[in-house]
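J.: Mind having a look at this structure? Questions to follow.
Bear in mind that the values in this text are calculations on the coordinates, not laboratory data. Since this is a predicted model, take the numbers as computed values, not measurements. Positions of Cβ are generated from backbone atoms using ideal geometry, with glycine treated the same way; all protein chains shown enter the neighbour counts.
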Amino acid sequence: MFNKAIRIGLAVSLVGFAAASTAQAAQTRDNKTVLTFSQPVEIPGHVLPAGTYVFRLADSLSDRHIVQVFNADESTIIATILAINNYRLTATDKTVISFNEVPRGSPETIRAWFYPGNNFGQEFVYPRRRALELAVASKAIVPAVTVDVDAIEALKTAPIVAVTPEQREVPVAAAIQTTPLTTASSSAQPSGLQASAQQTGSQARQLPSTASVLPLIALLGFASIAAAFGLMAFRKPAYTSIR
């Protein structure tokens with residue numbers, strides 16, 4: 001009976017770890033992030049009113065990514081966005097949102113979204129006309145998609161260029177750090193909006209990451225094993241009479 005209790009305790013622990021690992025892997029794969037904005041913000045093709053939204057990575061290809069933005073309860077897809085890698089030297093344990101500079105009175109424009117623990121983020125690719133405006137206003141290079149598409153399959157092959165503040169179009173690889181950094185330090189990102197009801201920064205917004213459930217699962221597993229030992233301690237010994 002004791003051995004059976006131990007086996008049950010270990011099974012609970014192992015199953016718990018497996019379930020937690022699977023859930024954590026799924027979350028890492030789609031980078032689900034809940035963001036709350038205190039003011040309207042702009043993403044490619046849309047201006048989001050102040051409120052709560054869910055950002056997910058829908059697909060990840062070699063040189064580009066597909067990001068989907070949902071409403072708070074994830075019942076509606078608001079936007080499907082093309083993004084490219086945006087590398088930084090140091091990863092953080094919090095979500096970071098960086099913004100492009102825009103004229104006073106305009107909604108802040110999201111430049112990139114960094115998931116906790118990653119040293120690269122999703123730099124949003126704007127339609128060419130809007131990218132030209134942002135490049136001039138922010139005096140920074142902005143990636144642009146040269147055709148008007150919003151379907152996932154079309155976004156996977158849509159041509160991308162980098163627009164300079166001088167309104168020139170250059171290859172993305174020549175103007176934007178889309179591969180891992182080695183020696184150069186990451187440049188500061190302009191920002192001015194309180195992007196969350198939680199923690200914010202002067203250059204980019206850092207939002208609290210979700211706590212892992214692994215410690216709780218481990219605690220439950222060890223509690224099961226401890227309970228098995230307790231049963232053994234209080235179990236009455238069995239005697240065999242000898243005649």
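J.: For residues that are within 17 Å of Lys139 (Cα to Cα) and among the acidic types (Asp, Glu), scanning just the range 86-128, find the one that is surrounded by the fewest Cβ atoms within 10 Å (Cβ to Cβ).
T.: Glu101
J.: Being farther than 14 Å from Ser106 by Cβ and among the hydrophobic types (A, V, I, L, M, F, W, C) is the filter here, so list the residues in the range 38-52 that pass it.
T.: Answer for the range 38-52, where residues must be farther than 14 Å from Ser106 by Cβ and among the hydrophobic types (A, V, I, L, M, F, W, C): just Ala50.
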